[in-house]
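A.B. asks: Following this message is one structure expressed as structure tokens.
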Amino acid sequence: MNQTSSKSLEIPSASDLARMQPEDLKLLQQRIMEAQIEMLLQEHAEAKREYQAMLEKIGEKVFQFQLTAPKFLAMTAPQLQKHLMQVARGEAPSFGGGGVRPVARVPPKYRNPSNHEQTWTGRGNRPGWVKAHLDGGGNLQEVEIPDDEAGSGPADTAG
């Protein structure tokens, strides 16, 4: 006899199993699978209860720090530390992963010869005036801003 939880049952030996009909083995296999599924469902229900209790407990503690329990659990330790320090200093917390990275301004590299207010850094999509210049047989070197003028004027004013 073998003990499983509080129930005792007789487990057939290998020779007993070998003498069973294939249909009976399949039925036994199905019952084992059903028992495993039932155990898994019970564990799932218990895990959900424990998870909900944990969320409620965490929720009570982190509410003062302008966090929800799921947000708290999703944060990395550095993100959480940054958030908590911002709240402690009275700052508005940033809820992004690391915040928005500042974009460095790039000086314009090309200028529209017809309208000097229109410039392009050479990054991103080509403005209409650049496309028109190239379609008209021109090249980018012709509209390039000389080094001594680079950095003056607005960047990427496609116009």
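A.B. asks: At L73 and N125, where each label point lies 7 Å from the Cα along Cα→Cβ, what is the point-to-point distance in nanometres?
C.D. replies: Those two pseudo-labels are separated by 4.2 nm.
A.B. asks: Using mean Cβ contacts within 10 Å as the protection proxy, how do 15-24, 135-144 order, highest first?
C.D. replies: On the way: 15-24: 9.4, 135-144: 11.1.
Those peptides, ordered most packed to least, come out 135-144, 15-24.
A.B. asks: Then there's this: Name the GluC sites (Glu not before Pro) in the range 35-93 that are in a loop by DSSP and that have at most 16 other C-beta atoms within 10 Å, would you?
C.D. replies: Loop-located and lightly packed - E91.
A.B. asks: For a quick check: sort Y51, Y110 by the number of other beta carbons within 10 angstrom, fewest at the front.
C.D. replies: Y51, Y110
Each reported figure results from applying straightforward, stated rules to the coordinates on display, with no laboratory input. All values reported here derive from a predicted model rather than from experimental measurement. So basically every Cβ, Gly included, is an ideal-geometry build from the backbone, and we count neighbours across all protein chains shown.
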